[in-house]
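We did not get these values from a lab; they are worked out from the coordinates using the rules stated. Quick caveat: nothing in here was measured; it's all calculated off a predicted structure. When we count neighbours, we look across all protein chains shown, and the Cβ atoms used for this are built from the backbone with ideal geometry, even at glycine.
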Amino acid sequence: MSARKKIPFAGPSISQKEIDYVVDGVKNGFYENYDQHTRRLEKAVCDYLGVKHGIATHCCTVALHLACETLGLTQGDEVICTDFSWVATAYSIDYTGATPVFVDIDPDSWCINPEAVRKAITPKTKAIMLVHTFGNPAEMDEILSIAKEYNLKVIEDAAPSLGAEYKNNKTGTFGDIACFSFQGAKIAVSGEGGILVTNNDALFERASLLASMGRTDSQAVFWSDMLGYQYTIANLTAALALAQVERIEELVKMKRQIFSWYEERLKDVPGIKIIREKPYSRSNYCYPSIFLENKSRMERDEILKKFREENIHARPGFPQMSLFPVHQHRFPTPVTQRVSESGISLPAAAILTEEDVDFVSKLLIEQVHA
């Protein structure tokens with residue numbers, strides 16, 4: 001068995017709309033129109049989500065840091081977060097001097113476990129940072145209930161989840177602040193890019209200042225009244241993201257189709273657990289994922305090695321962030337450990353065909369039962 005071509009893990013669908021918007025950005029996105037695509041992008045995301053405010057940023061990592069700074073997190077504060085994510089989730093907390101407190105995940109969604117959140121709360125806890133992992137919505141009712149009970153802020157790391165829904169409400173609309181990514185492997189892309197959204201007027205005003213070097217011009221031109229950051233997106237980058245956001249339902253449909261092809265082929269295979277949306281949620285299936293129930297890390301890695309030999313790009317589960325040198329491992333996270341060792345996110349680039357998925361699935365089944 002040999003792949004006819006490279007089967008990529010992730011990548012965008014680019015239509016004529018994206019080309020036209022980027023060309024328009026190049027030709028008309030300067031001088032008095034220097035921020036027109038940025039403003040249109042922010043409005044498009046807010047209108048789609050049904051939220052009041054958006055600030056488009058250079059990337060999602062800086063949006064998450066901006067969220068933490070906007071909420072006033074500082075040294076001595078604790079933020080409860082998942083132990084299973086790309087490390088930007090935790091580092092955005094670290095940047096403020098606050099301490100990320102890592103807790104375990106739900107084995108069925110790979111999102112933060114609300115009961116683990118409750119058990120980790122201390123008098124120093126100021127916020128909860130959840131992740132809608134791989135486009136699967138977290139258990140927002142339980143998380144918001146805990147946050148209300150303990151007067152905690154909620155940050156949604158919604159990086160890959162644009163288009164996902166929890167009980168008919170879109171991810172990114174539940175917490176005090178949410179952040180999405182337009183990085184090249186996400187469902188809607190701009191190469192690099194992100195956006196912070198909120199319904200809170202005061203938080204929006206503070207975030208806007210922080211994202212623009214704290215500039216107010218209150219005493220003179222270029223006057224800054226607070227320590228700020230240059231976190232805003234480039235107008236040309238925003239042009240590409242705008243076209244993608246305007247096509248988001250089409251892009252979600254593509255991802256869900258790819259997932260359905262995998263599900264059809266893998267649903268009855270012993271030893272493979274497919275991570276599915278809950279009955280009351282809609283996943284965008286940005287990264288269709290599986291758990292190898294009877295495989296060690298070494299065996300999982302051998303499967304990924306075989307994939308690479310066949311020119312297939314898949315990803316292992318994230319390592320436990322709590323084990324990184326800069327962090328503390330306060331609570332056991334056994335589910336995260338198992339997913340880290342035996343989880344796989346399968347190829348789901350927008351250009352994949354059913355024939356590609358069939359090829360990947362057959363090779364996976366062959367290796368699982370080898």
Put in order of increasing Cβ neighbours within 10 Å, starting from the fewest, V357, V23 give V23, V357
Placed amide H near W110: partners under 5 Å, 5+ positions off or other chain | none
Quick one: Cα centre-to-centre distance for the range 79-100 and the range 24-66, in angstrom?
-> 25
Listing D94, D47 by rising number of other beta-carbon atoms within 10 angstrom, fewest first, gives D47, D94
Under 17 Å Cα-Cα from K362, which lysines qualify once same-chain neighbours fewer than 8 residues away are excluded?
-> K5, K6, K267, K273, K305, K306
Could you line up W110, W223, W86, W261 from fewest to most neighbouring Cβ atoms inside 10 Å?
-> W223, W86, W261, W110
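Using alpha carbon coordinates only, what is the Rg to Rh ratio of the range 16-246, with Rh defined as the Kirkwood radius?
Result: Rg/Rh = 0.98.
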Alpha-carbon centroid distance for the pair the range 265-285 / the range 162-202, whole angstrom | 23
If the cut-off is 14 Å between C-alpha atoms, which aspartates and glutamates fall inside it for K148, apart from same-chain ones fewer than 8 positions away?
-> D176
Once you list every other residue whose beta carbon is under 15 Å from the beta carbon of F359, what net charge do they have if Lys and Arg are +1 and Asp and Glu are -1?
-> -1
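What does the charge count around E78 come to, taking other residues whose C-beta lies under 10 Å from its C-beta (Lys +1, Arg +1, Asp -1, Glu -1)?
Values: positive: K124, K126, R330; negative: D77.
Computed value for this residue: +2.
For the range 192-232, state the average projected area of the convex hull of the C-alpha atoms over all orientations, rounded to one decimal in nm².
One quarter of the hull surface, i.e. the mean projection, equals 3.2 nm².
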Taking the Cα centre of the chain as origin and charging only Cβ (+1 Lys, Arg; -1 Asp, Glu), how large is the dipole, in debye to the nearest 20?
-> 380
Roughly what angle does helix 60-70 make with the longest principal axis of the chain, taking Cα atoms, 0 to 90 degrees, to the nearest 10?
-> 50
Against the globular-protein guess of 2.2 N^0.38 Å, express the Cα radius of gyration of the range 27-98 as a ratio, rounded to two decimals.
-> 1.40
Scoring only Lys, Arg, Asp and Glu (+1, +1, -1, -1) among other residues with Cβ under 13 Å from the Cβ of L240 yields -1
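Could you work out [θ]222 nm for the chain from helices alone, using -39500 (n - 2.57) per DSSP H run of at least four and dividing by all its residues? Round to the nearest 500 deg cm²/dmol.
Taking each H run of at least 4 residues, the total per residue is -12000 deg cm²/dmol.
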In terms of the alpha carbon gyration tensor, root eigenvalues a ≥ b ≥ c, rounded if a/c is under 1.5 and otherwise prolate when a/b exceeds b/c or oblate, the range 98-199 is prolate
Helix 140-150 versus the longest principal axis of the chain: what is the Cα-based angle in degrees, 0 to 90, to the nearest 10?
-> 50
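Just the projected area, averaged over all directions, of the convex hull on the alpha carbon atoms of the range 248-368: how many nm²?
9.1
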Positive-end residue, the range 248-368 charge dipole about Cα centroid, Cβ charges, pick of L292, Y280, F359 = Y280
Treating cross-link reach as a plain straight distance, find the aspartates and glutamates whose alpha-carbon is under 14 Å from the alpha-carbon of K124, omitting any fewer than eight places away in the same chain.
-> D77, E78
By how many degrees, 0 to 90 and rounded to 10, does the Cα axis of helix 297-309 deviate from the longest principal axis of the chain?
-> 90
